[in-house]
Amino acid sequence: MLRTQRLSLDVLPRHVYVHVPFCARRCSYCDFAIAVRSNVPTGEYLEALGRELELRVPERSSEPVESIYLGGGTPSRLGPDGVARAIAAVADRFPLAPNGEVTIEANPDDVTADAVASWRAAGVNRVSLGVQSFDDRALAWMHRTHDAATAMRAAHTIRDAGIENWSLDLIFSLPSELGRNWDADVSAATELAPPHVSLYGLTVEPHTPIARWRDRGRDVEGTDETYEREYLHADRAFVAAGYEHYEVSNFALPGRRSRHNAGYWSGASYVGFGPGAHGFDGVERRWNEREYVVWQRRLCADEDPVAGSERLSTENQLSEAVYLGLRTTTGLTIRGEDERSVRAWIDAGWGWLEAGRLRLTAEGWLRLDALATSLTMLRSR
Ligand code: SF4
């Protein structure tokens with residue numbers, strides 16, 4: 001048995017993530033740690049979650065956390081009482097800072113006025129709504145359980161219930177044979193005016209339904225040209241509608257950036273509970289068993305559900321600092337050895353310098369991996 005990884009008293013987390021793995025079915029592109037269940041074993045899950053909290057956090061943390069994030073999977077499938085009990089269990093160990101952010105990811109079919117009211121009563125003040133598209137054909141192809149009308153209704157229900165801070169997810173770069181009109185989806189989103197929007201470019205991950213479809217010869221993703229055109233169109237449309245494009249995949253109206261995700265992008269310490277959840281204390285990463293049944297059985301047997309951990313090497317720290325710096329509008333402080341490359345990127349329209357920091361444009365973010373790798377290699381010499 002691996003040693004129980006209790007939280008270091010030197011580095012208390014600033015953010016808490018709770019993974020709720022349950023989904024009604026697997027979406028065609030999804031490779032997340034999920035458990036497909038028609039009946040969600042809420043009681044069993046909460047018992048295991050409570051056990052993990054007890055094992056790893058024997059005492060209430062002395063420092064408040066800035067955010068609690070229920071992600072998945074589909075946390076909204078825990079039901080109103082399950083969501084309240086999950087948040088209470090976490091808050092019992094981690095006091096939330098005044099005005100702390102509490103987010104729940106929700107699928108549109110779970111959003112009702114009663115559900116949102118109960119989430120608010122439980123302390124939720126931010127909802128991340130998995131819309132992905134307003135095109136019914138595209139939604140069916142993605143194996144989503146909702147249609148466009150349900151997504152629209154859910155967005156209005158969240159707003160009418162008094163949740164001022166909410167986010168909408170969209171997926172772009174679908175295969176052209178679907179005939180999905182990306183510009184129409186972006187227009188529908190800007191008309192709804194969610195305070196925050198997250199974009200995901202479709203990628204084919206191993207062991208997903210679309211990977212199998214691809215192996216049988218079908219087109220399952222957009223071309224590189226589709227990816228670039230749709231990404232740049234979203235950048236122009238959301239910026240024109242008053243959003244800040246503040247991270248490679250995220251847009252926010254003023255004051256509505258995701259504080260939880262900003263913690264990840266700034267290298268802040270965070271802790272994760274639930275199957276597949278990750279944590280980071282500034283030096284070491286750890287992650288839990290990914291399969292729900294393995295995670296749950298280990299906790300039932302009073303065993304640590306950790307599956308692995310790694311200390312970041314100096315090289316990893318260097319590449320991570322470069323990547324994190326470039327992915328947000330915070331940018332990266334430029335050193336002497338970077339200047340020649342950076343000048344060429346600025347001339348190409350991929351970034352600009354401000355107060356000694358390189359900030360990437362949307363064209364630059366399309367090349368984020370390549371630019372970050374190139375700078376990391378320069379700095380490693
Ligand atoms: S709802 Fe989300 S987590 Fe669940 S299968 Fe679909 S994409 Fe994956």
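The figures follow:
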| quantity | calculated |
| --- | --- |
| Potential lengthening between ASP219 and VAL11 on full extension [0.36 nm per residue; Cα-Cα distance subtracted] | 70.2 nm |
| Square roots of 5 times each gyration tensor eigenvalue, C-alpha, segment 62-114, largest first, Å | 22, 11, 9 |
| Solvent-accessible area, 1.4 Å probe, carbon plus sulfur percent, for segment 289-381 | 47 |
| With DNA, RNA and ligands ignored, accessible area of ARG359 (1.4 Å probe; Å², nearest 10) | 40 |
| Debye intensity ratio in log₁₀ form over the Cα atoms of segment 277-381, taken at each q of 0.23 Å⁻¹ | -1.14 |
| Cα-only Debye scattering, segment 77-186: base-10 log of I(q)/I(0) at q = 0.12 Å⁻¹ | -0.47 |
| Percentage relative contact order, the chain, counting C-alpha pairs under 8 Å, at least six apart | 17 |
| Gain on full stretching of the segment that runs from ALA149 to ALA113 - 0.36 nm per residue minus C-alpha separation | 11.4 nm |
| Kirkwood hydrodynamic radius of the chain, from inverse mean 1/r over distinct Cα pairs, in Å | 21.9 |
| 222 nm mean residue ellipticity, helices alone, for the chain (DSSP H n ≥ 4; -39,500 (n - 2.57); rounded to 500) | -11500 deg cm²/dmol |
| Which of ALA189, TRP213, ALA161, positive extreme of dipole for segment 71-220 (C-beta unit charges) | TRP213 |
| Whole-number D in µm²/s for segment 90-137 (Stokes-Einstein; Kirkwood sum over Cα pairs; 25 °C, 0.890 mPa s) | 197 |
| Under 13 Å, Cβ to Cβ, from HIS260 - net charge with Lys/Arg +1 and Asp/Glu -1 | +1 |
| Cα radius of gyration and Dmax for segment 166-266 (Å) | 14.9, 46 |
| With 5 Å bins from 0: P(r) over segment 260-338, alpha-carbon pairs, percent | 3, 14, 20, 18, 16, 12, 8, 5, 3, 1, 1 |
| Net +/- balance of residues flanking GLY325 in space, Cβ distance below 10 Å, scoring K and R +1, D and E -1 | +2 |
| Ranked packing of 366-375, 215-224, most packed first, by mean Cβ within 10 Å | 366-375, 215-224 |
| Longest to shortest principal axis, alpha-carbon extents of segment 190-328, angstrom | 53, 44, 35 |
| Nearest-20 debye value, segment 199-282 charge dipole, Cβ charges on Lys, Arg, Asp, Glu | 300 |
| Free-standing Cys, the chain [no other Cys Cβ under 4.7 Å] | CYS23, CYS300 |
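The values are calculated or read from the model by the stated rules, or taken from the named source; none is laboratory data. Worth saying up front: this structure is predicted, and the values here are computed from it rather than measured. Note that each Cβ is placed from the backbone with ideal geometry, even for glycine, and that neighbours are counted across all protein chains shown. For accessibility, only protein heavy atoms count, side chains too; no ligands or nucleic acids. Shrake-Rupley method; radii C 1.70, N 1.55, O 1.52, S 1.80 Å.
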